[in-house]
Amino acid sequence: MDNFANSVSIWYRKAVIVCGAMLASCVMLAVFVEIVKTQASGFTTQFAISADVVRILNYVFYALACSELFAIQLFRSHWRPKEEDDATVKAQHLFRLSIITAALANSVAIYGLMLFVLAALYREFYIFLSISLLLQIYYFPRQSQWQ
């Protein structure tokens, strides 16, 4: 295996580890919500937020999630490595692209967690978590993209 292929392989493994950890963090969020839900049966939030503010927050977070979907697609289509770059530079570029994409996808789950903590909205948390997991799985680094 030559030096360039070895470098690409190392950066690919790093991207898989980091993106896998972000996926695992989403699972940990679900475990956290379930623990809170079972430990505090009838969980209600301690924050005094009106129903109108909760509804507005819900719409804002859904709009942010949709905009992140478009931002990820736009970001990935326009921020590609240059053809004249060597393999190591391309691998580093793809690594950064994978991490930023995974972080944007993971933030969708954080929106759901915020709705859960602020307003005890379980269903919205799981909707946002599902969207986040789907995005992370869809954009998970694949070996064929790194060749």
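The values are calculated or read from the model by the stated rules, or taken from the named source; none is laboratory data. Source: prediction; values computed, not measured. So basically every Cβ, Gly included, is an ideal-geometry build from the backbone, and we count neighbours across all protein chains shown.
Observations, loosely collected:
- Residue within segment 46-62 that is assigned to a helix (DSSP H, G or I), closer than 25 Å to residue 19 by Cα and either in contact (Cβ under 8 Å) with a residue 24 or more places away in the chain or in contact with a helix residue (DSSP H, G or I) (Cβ under 6 Å, 6 or more places away or on another chain) (or both) present: yes
- Subset tally (residues that are touching a Phe, Trp or Tyr at 6+ places or on another chain (Cβ under 8 Å) and either at pLDDT 90 or above or surrounded by fewer than 18 Cβ atoms within 10 Å (Cβ to Cβ) (or both)) for segment 62-92: 7
- Residue satisfying all of: in segment 93-132; modelled with pLDDT of 95 or more and among the aromatic types (Phe, Trp, Tyr); surrounded by the fewest Cβ atoms within 10 Å (Cβ to Cβ) among these: 126
- Entry remark, segment 1-31: residues being at pLDDT 90 or above and loosely packed, with under 14 Cβ neighbours inside 10 Å number 8 in total.
- Contacts under 7 angstrom Cβ, first residue in segment 115-136 being under 14 Å from residue 29 (Cβ atoms), partner among the polar types (S, T, N, Q) and part of a helix (DSSP H, G or I), 6 or more apart: 115/58; 124/58; 132/106; 136/106
- Scanning segment 45-56 turns up one or more residues that are modelled with pLDDT under 85 and of a type in the set (Val, Ile, Thr).
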